[in-house]
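The values are calculated or read from the model by the stated rules, or taken from the named source; none is laboratory data. Every value quoted in this text rests on a predicted model; they were computed, and no experiment measured them. With ideal geometry, Cβ positions are generated from the backbone for all residues, glycine too; neighbour counts draw on all protein chains shown. Only protein heavy atoms, including side chains, enter the accessible area calculation; ligands, DNA and RNA are left aside. Shrake-Rupley method; radii C 1.70, N 1.55, O 1.52, S 1.80 Å.
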Amino acid sequence: MKHITKKMALVLLPVALYLCFFVAFEPNNYFNLRPASSSSQPVARLNAYQANPGRRLILGDSRLAHFDMDLVEQTSGRTWQNLAFGGASLRESIDLANYVLDSGNQVDELLLGLSFYTINGKYDTDRMSTLEDTLHNPLAYVLNLEYNVNTMTNFTNFLIWCGQRVRGETDLTWTQAQQESETGNWTDTDYLAADGTQYDVHTLLAEYPPKLMTNCTGWYINQPMLDELEALLARCQTEGVKVTLVLPPMADNVLAEVCQPLGIDKQMETLLPTLQSWESQYGITLLDYEWTNRPVFDQDKQFFDGFHLDTTYGLPQWTTQLFTDMNA
């Protein structure tokens with residue numbers, strides 16, 4: 001019996017050691033053993049909400065996921081919690097809104113992102129049920145390949161950061177180094193295509209519109225999800241939850257090279273009056289920076305790519321404008 005126990009211990013030791021490693025470096029703070037994670041992954045955002053639920057919540061895709069929350073609080077005069085995550089479809093944002101409303105936690109206000117891209121019937125991902133299962137099943141989280149890859153990546157980044165600290169190349173703490181950012185100080189080579197073509201704007205922005213074509217060709221309004229959104233607004237009105245719908249800005253080349261050639265702009269023109277009518281019908285606020293109130297940006301400097309404002313040079317300006325407008 002002792003012999004079997006020793007063998008079992010030898011077999012389980014590497015497993016135990018890896019579990020310790022996984023818990024230490026998984027980037028989503030799933031086990032809540034470290035300070036709150038800066039990750040914008042959906043499991044990190046929802047796990048943080050479960051641990052410390054906020055009353056004013058930001059929901060949407062990656063365009064709303066990278067706000068400087070100190071600037072948000074400073075501008076709005078209120079504390080917000082960001083539950084937006086990359087790639088969130090309209091279905092997922094609605095499901096997440098209903099999830100927090102069903103949670104029994106106090107919800108005072110929702111800021112919900114909407115755009116031509118998430119209204120698109122060809123983009124309708126549905127990950128909420130899987131996400132909920134993961135949140136309630138630690139074993140599923142530990143065995144998930146994606147989260148293990150993310151853990152190894154995070155460990156690699158930790159080693160890189162350690163080297164930078166030793167060489168005096170950074171003063172950032174490890175917590176600061178993990179902050180997600182989308183920013184660039186572009187050089188001459190950042191304006192060249194692979195074939196040597198010279199762009200007027202940096203490559204990430206110039207080459208972004210073609211990346212949208214697969215999902216945007218054959219674009220159509222996802223009416224069932226708009227019906228679900230309207231039902232959500234009616235629920236919020238009944239439950240006394242203030243709602244702001246925001247259409248974030250897009251770069252000029254996305255409008256000129258994707259929306260106009262594919263006729264998306266014309267279809268959105270027919271939809272906007274419906275969205276505007278919801279203001280009086282459901283008592284919401286609609287802020288449209290995508291079509292009718294497009295802010296003036298230095299396209300090359302302030303856009304990181306076609307959808308995302310540069311977190312250093314562009315996003316702070318829009319953050320201030322958005323939360324100032326919400327207070328108007």
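Filtering Leu59, Leu71 for residues that are touching a strand residue (DSSP E or B) at 6+ places or on another chain (Cβ under 9 Å) and either at positive phi or modelled with pLDDT of 90 or more (or both) leaves a single hit, Leu59.
Among the residues examined, Gly314 does not qualify as within 18 Å of the chain's Cα centre (by Cα) and closer than 16 Å to Ala206 by Cα.
Of all residues in the range 95-104, none satisfies being under 29 Å from Leu255 (Cα atoms) and part of a loop (DSSP other than H, G, I, E, B).
Exactly one residue among Gly121, Gly104, Gly113 is farther than 19 Å from Phe31 by Cα and either acidic (Asp, Glu) or open to solvent by 60 Å² or more (accessible area, probe 1.4 Å) (or both), and that residue is Gly104. Of the numbered criteria (1) in a loop (DSSP other than H, G, I, E, B); (2) within 15 Å of Leu322 (Cα to Cα), the one Tyr123 fails is (2). Whenever a residue of the range 148-162 is more than 13 Å from Leu172 (Cα to Cα), its partners that are assigned to a helix (DSSP H, G or I) and of a type outside the set (Asp, Glu), lying with C-beta atoms within less than 6 angstrom and at least six residues away or across chains, give the pairs Thr151/Phe22; Thr151/Phe25; Asn154/Phe25; Phe155/Phe25.
The residue that is nearest to the chain's Cα centre (by Cα), counting only those in the range 170-198 that are surrounded by 16 or more Cβ atoms within 10 Å (Cβ to Cβ) and within 26 Å of Leu255 (Cα to Cα), is Glu182.
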